[in-house]
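Reading through the structure tokens given below for one structure.
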Amino acid sequence: MAPDMTIQNNTTYNASDDSTKKEATAFIGLGSNLDEPVNQINLAIESLQHLETINVISVSSLYRSRPLGGFAQPDYINAVAKIYTSLSPVFLLDELQLIEIRHGRVRNSERWSPRTLDLDLLLYNNETIESERLCVPHYGLYHRNFVLMPLHEISPDLILPDGLGISTLVKNINKDGITKL
Ligand code: ROI
């Protein structure tokens, strides 16, 4: 997508030009609950759009969600983006982590602490990957409403690598504490 296009949430971009098609389709989960979260998410999408190796195909609406985890912390803003990419899963992860760092993300030894920006590789083609650095599908995908709902919004017919349909998962998920903005 052209880097100078403005971002709109819940948008499908025009990817009909075959020259924009990269080899893999991936889904990225975005989350933030510090330092103007809505802004953080929109800037992160812009950062993805500026990478030569990634085409952003669609971005879900933004969702406000109650924090998962034992901590008292601010609500999160979450979204999901669908991309095409020429990067392998690990190189894609590297790029996502670089964007997180540029957004002031400090990796806290405390699990489930608040964060300026979290970019999770949720799905990469139909692949199942289990390595030291990567678990794809992302381990949170199946039981987190703030992942399933935006994913379902932009890809309602999606089938996960284990054969489960996103529409079945989203039907059964608890929708308390989450609102579409
Ligand atoms: N809770 C919500 N609602 N959204 C998140 O993105 C999120 N991310 C996290 C933890 C701390 C698990 N809780 C979250 O990493």
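Tell me, which residue of region 36-60 that is among the β-branched types (Val, Ile, Thr) and touching an Asp or Glu at 6+ places or on another chain (Cβ under 8 Å) is nearest to Tyr84 (Cα to Cα)?
The residue in question is Ile54.
As an exercise: evaluate Asn33 against (1) within 16 Å of the ligand (Cβ to nearest atom); (2) surrounded by 18 or more Cβ atoms within 10 Å (Cβ to Cβ); (3) at pLDDT 95 or above and give the number of the one condition it does not meet.
(3)
Just to be sure I understand, how many residues within region 63-99 are buried (at least 20 other Cβ atoms within 10 Å of the Cβ), over 17 Å from Leu141 (Cβ atoms) and either within 16 Å of the ligand (Cβ to nearest atom) or of a type in the set (S, T, N, Q) (or both)?
3
Could you list, in sequence order, the residues of region 55-70 that are charged (D, E, K, R) and in a strand (DSSP E or B)? Let's see the steps before the verdict.
Residues of region 55-70 charged (D, E, K, R): 64, 66.
Correct list: Arg64 only.
Since Ser155 meets every condition but one in (1) out of contact with any Asp or Glu (no Cβ under 6 Å at 6 or more places or on another chain); (2) more than 13 Å from Phe27 (Cα to Cα); (3) of a type in the set (Gly, Ala, Ser), which condition does it not meet?
For Ser155, the failing item is (2).
Enumerate the pairs (first residue in region 46-57 and at negative phi; second residue anywhere and buried (at least 20 other Cβ atoms within 10 Å of the Cβ) and in a helix (DSSP H, G or I)) with beta-carbon separation below 6 Å, excluding pairs fewer than 6 apart on the same chain, so at least 6 apart or on different chains.
Within 6 Å, the pairs are Ser47/Ile99; Ile54/Leu48; Val56/Leu48; Val56/Gln49.
The values are calculated or read from the model by the stated rules, or taken from the named source; none is laboratory data. Small disclaimer: the values here were computed from a predicted structure and weren't measured. Ideal geometry is used to build each Cβ from the backbone, glycine not excepted, and the neighbour counts take in all protein chains shown.
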